[in-house]
């Protein structure tokens, strides 16, 4: 959600679990930055096949005011990331962050 009804810097933890499905991922992450307290934790769990380049994704997230605390790429289906809020986004709103683009989820029939 890109506009949650919470005060600025009011939460300790924000979680995106299989929820970065929109085309406006940047809006979601900027909103998480807005509501997280300084030093707050952002947890992300996403389907591994959605990532073209994990390093580029992590670099883009750090430009939005987060520091990578941990990453778990060992699972063949899901990637897990922990970020710490370090401050406001370090890039202007008009700056392109192509690393935030994730591939659509593909579901296999079983």
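The numbers here are math on the coordinates, done by the rules we state, and not lab data. Being a predicted model, the structure only gives us computed values, none of them experimental. Positions of Cβ are generated from backbone atoms using ideal geometry, with glycine treated the same way; all protein chains shown enter the neighbour counts.
Specify the angular offset, from 0 to 90 degrees and rounded to the nearest 10, of the alpha carbon long axis of helix 54-63 from the longest principal axis of the alpha carbons in the chain. Between helix and principal axis, roughly 10 degrees.
Estimated purely from DSSP H runs of n ≥ 4, each contributing -39500 (n - 2.57), the mean residue ellipticity at 222 nm for the chain is -5500 deg cm²/dmol once divided by its residues.
Of all DSSP beta bridges confined to the stretch 11-90, the antiparallel ones make up roughly 70%.
For the chain, the relative contact order works out to 29 percent when only alpha carbon pairs closer than 8 Å and six or more residues apart are counted.
Once you sort the root eigenvalues of the Cα gyration tensor of the stretch 57-110 as a ≥ b ≥ c, which label holds: rounded (a/c under 1.5), prolate (a/b larger than b/c) or oblate (the other case)? Since a/c reaches 1.5 but b/c is at least a/b, the shape of the stretch 57-110 is classed as oblate.
Taking every alpha-carbon pair within the chain, the share separated by more than 18 Å comes to 46 percent.
Rg over Rh of the stretch 26-66, using C-alpha atoms and the Kirkwood radius, what does it come to? Mind showing how you got there, number by number?
Values: Rg = 10.9 Å, Rh = 11.2 Å.
Here the Rg-to-Rh quotient is 0.98.
Taken along the Cα-to-beta-carbon direction at a fixed 7 Å, the label points for residue 11 and residue 53 span 3.0 nm.
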